[in-house]
1. Considering every residue within the range 73-89, establish whether at least one is surrounded by fewer than 23 Cβ atoms within 10 Å (Cβ to Cβ), touching a helix residue (DSSP H, G or I) at 6+ places or on another chain (Cβ under 7 Å) and in contact (Cβ under 8 Å) with a residue 60 or more places away in the chain.
2. Six or more apart or on different chains, Cβ under 7 Å: which pairs go from a residue in the range 22-37 that's of a type in the set (Val, Ile, Thr) to one that's surrounded by fewer than 17 Cβ atoms within 10 Å (Cβ to Cβ)? Could you list them?
3. I'd like to check something: does the range 105-122 contain any residue that is assigned to a strand (DSSP E or B) and within 18 Å of Thr169 (Cβ to Cβ)?
4. Would you be able to tell me the number of residues in the range 46-95 that are outside any helix (DSSP H, G or I) and either on the phi > 0 side of the Ramachandran plot or under 15 Å from the mean Cα position of the chain (by Cα) (or both)?
5. Pick from Glu151, Glu162, Glu178: which is of a type outside the set (Ser, Thr, Tyr) and modelled with pLDDT under 95?
6. Considering the range 153-164 alone, what residues qualify as being among the hydrophobic types (A, V, I, L, M, F, W, C) and either more than 15 Å from the chain's Cα centre (by Cα) or more than 18 Å from Leu176 (Cβ to Cβ) (or both)?
7. Could you please let me know if Lys143 is outside any loop (DSSP other than H, G, I, E, B), in contact (Cβ under 8 Å) with a residue 60 or more places away in the chain, charged (D, E, K, R) and surrounded by fewer than 20 Cβ atoms within 10 Å (Cβ to Cβ)?
Amino acid sequence: MFEATTILACKGEDKAVIGGDGQVTFGNTVLKNNATKIRTLHGGKVLGGFAGSTADAFNLFDMFENILEKQKGDLLKSAVEFSKAWRKDKYLRRLEAMMIVLNKEHIFILSGTGDVVEPEDGKIAAIGSGGNYAISAARALDKHSDLSTEELVKESLNLAGELCIYTNTNIKLLTLEE
C-alpha cells in the first residue's frame, strides 16, 4: 500500500504557489526522497499537485491537462469536467488519490469521488498524509507572520515533514506570478 504525500497550495495577493515533499513510501519503507509531485500545466498558467501513486499521477495529470486545453484554460469548468470524467471511469474512481489545481484566481481540491472543493477562505488548500499538519501551519503563519507566499508554503511543508512519517523536508515549489 502506498501512503500519500503532502501537497500545499496557497494564493497570495500577486502570486499562486504550490509545494510538495519528495518522499515516496511503500508500507514502512522509504523508496525515494526526491520525487516531484507538482507540475505546471496549460503553458505555465495552472499549477497542480498530486497525492497518490506515481503512475496514477501521470494518467490523471494528462487527463486534466487535456480537459484544460478543451476548456481553453478555464480552471473552474475544467475542474468540474475532470471530476465528472474521473468519477465515471470505473478504474480511476477507485484510486485513493487527490489533486490540487490552482491559478491566480481559483484553487480546487479534486478527487475520484467527484469532489470539486474550493477552500472556504479561497486561499490555502492541502492534501495527503501530512495535509492537516501543513494547512494548520499555513493558516497560523498566514495570520501571525509576514512571510512571503513561497516562504509560507515552504515553512508549512517543513513543519509537516517534521510531524508526518510519510512526508519529508525535501520540498519543491512552483510559483505563478503576475
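1. No, the range 73-89 contains no residue that is surrounded by fewer than 23 Cβ atoms within 10 Å (Cβ to Cβ), touching a helix residue (DSSP H, G or I) at 6+ places or on another chain (Cβ under 7 Å) and in contact (Cβ under 8 Å) with a residue 60 or more places away in the chain.
2. Between residues of the range 22-37 that are of a type in the set (Val, Ile, Thr) and residues that are surrounded by fewer than 17 Cβ atoms within 10 Å (Cβ to Cβ), the close pairs are Val24/Leu31; Val24/Lys32; Thr25/Leu31.
3. Taking the range 105-122 and keeping what is assigned to a strand (DSSP E or B), we get 107-111, 116-117.
Subset that is within 18 Å of Thr169 (Cβ to Cβ): none.
There is no residue in the range 105-122 that is assigned to a strand (DSSP E or B) and within 18 Å of Thr169 (Cβ to Cβ).
4. Going through the range 46-95, the residues outside any helix (DSSP H, G or I) turn out to be 46-53, 71-74, 89-91, 95.
From the residues that got through so far, the ones that are either on the phi > 0 side of the Ramachandran plot or under 15 Å from the mean Cα position of the chain (by Cα) (or both) too are 46-53, 72-73.
Result for the range 46-95: 10.
5. Values: Glu151 fails: modelled with pLDDT under 95; Glu162 fails: modelled with pLDDT under 95.
Within the list Glu151, Glu162, Glu178, the selection yields Glu178.
6. Our first condition is that a residue be among the hydrophobic types (A, V, I, L, M, F, W, C); within the range 153-164, this holds for 153, 157, 159-160, 163-164.
Selection gives Leu159, Ala160, Leu163, Cys164.
7. Working: outside any loop (DSSP other than H, G, I, E, B): yes; in contact (Cβ under 8 Å) with a residue 60 or more places away in the chain: no; charged (D, E, K, R): yes; surrounded by fewer than 20 Cβ atoms within 10 Å (Cβ to Cβ): yes.
Considered against the rule, which asks whether it is outside any loop (DSSP other than H, G, I, E, B), in contact (Cβ under 8 Å) with a residue 60 or more places away in the chain, charged (D, E, K, R) and surrounded by fewer than 20 Cβ atoms within 10 Å (Cβ to Cβ), Lys143 comes out as no.
The values are calculated or read from the model by the stated rules, or taken from the named source; none is laboratory data. Everything quoted here is computed from the prediction, not taken from an experiment. Heads up, the Cβs are rebuilt from the backbone with ideal geometry, glycines too, and the neighbour counts pull from every protein chain shown.
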